[in-house]
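Written out below as structure tokens is the structure these notes cover.
The values are calculated or read from the model by the stated rules, or taken from the named source; none is laboratory data. These numbers were taken from a predicted model, which means no experiment stands behind them. For neighbour counting, all protein chains shown are included, and Cβ atoms are generated from backbone atoms with ideal geometry for every residue, glycine included.
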Amino acid sequence: FLIALTGYRFLSPTVAVVATLFYAVFPFDLTIYRRTWQESLISLLTVSFLALATLIARTGSARRLACLIAFALLGVLALTTKENSGIAFMLCAAGLTLYFLLQGNRRAAILAFSSAAVAALAYALILASLFGGAVNTFILLRESVHFSGINPYSVQFDSGPIWMFPAALLRTSPFLFLAAAAGFAAVVYHAYRSRLLVHHGLSLGIALITASMIMIQLVTQRYSFRYTAP
């Protein structure tokens, strides 16, 4: 519903229909929804961040503050559900901040940045209250990151040569993979040809967020289709 609504309101009816149909047959999301993993909630939150960020960019200053408060609250929910979901939140917050700076609206840029900072601070305070202080929380997070990378499951299934990840995406769903690659190339090409981001800001932003979430896995060499679904 969020994908259809966002596509219809901010792009076009054609985009809304095509995006919704693609999402309805996306293998990774179908897998995590069937098994009710946390990533199904993360997918919902990711789309919500994108829809809210788009609304914040397009709405007037009177409604912007309320939307930013909702954005920050969703950020706290995402971070406290699973830290990985904070990636989409931070990318959308960074995109909003950059957008307002390019528009010359410093006040809105500060508000967008502050909403992300407040959410991160609230997350840190919640963890500190649960684990007996900031020092204990830092130690716990550091050890969690370390052990999650060396556990037998991650070593066997979440790591390997960099070429295997895009190859696996292609094998899992060749049509969707090629369609997404073509769509990304078309957006970048049109933005480059026009030399103006005014008419391509939203589509380019969606493309860059999607590419960034995949590139993070390539850079860290921690691959998981569960994290690719959002």
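Counting only residues that are of a type outside the set (D, E, K, R) and either touching a Ser or Thr at 6+ places or on another chain (Cβ under 6 Å) or within 15 Å of LEU65 (Cβ to Cβ) (or both), how many does the stretch 101-118 have? Explain how you work it out, then say what you get.
The initial filter retains those residues of the stretch 101-118 that are of a type outside the set (D, E, K, R), namely 101-105, 108-118.
Subsequent filtering for residues that are either touching a Ser or Thr at 6+ places or on another chain (Cβ under 6 Å) or within 15 Å of LEU65 (Cβ to Cβ) (or both) retains 105, 108-116, 118.
Number satisfying all stated conditions: 11.
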Check your understanding: In this structure, is THR137 buried (at least 17 other Cβ atoms within 10 Å of the Cβ) and over 24 Å from the mean Cα position of the chain (by Cα)?
Key -> yes
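If you check ALA112, ALA167, which single one turns out to be loosely packed, with under 14 Cβ neighbours inside 10 Å and over 25 Å from SER40 (Cβ atoms)?
Working: ALA112 fails: loosely packed, with under 14 Cβ neighbours inside 10 Å.
After applying the criteria, what remains is ALA167.
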Practice item. Return only the number of the condition from (1) within 24 Å of ALA120 (Cβ to Cβ); (2) of a type in the set (S, T, N, Q); (3) surrounded by fewer than 19 Cβ atoms within 10 Å (Cβ to Cβ) that SER12 does not satisfy. Key: (1)
Practice item. List every residue pair whose Cβ atoms lie under 9 Å apart, where the two residues are 6 or more positions apart in sequence or sit on different chains, the first residue falls within the stretch 59-70 and is modelled with pLDDT under 90, and the second residue, located anywhere, is basic (Lys, Arg) and loosely packed, with under 15 Cβ neighbours inside 10 Å. Key: SER61/ARG107
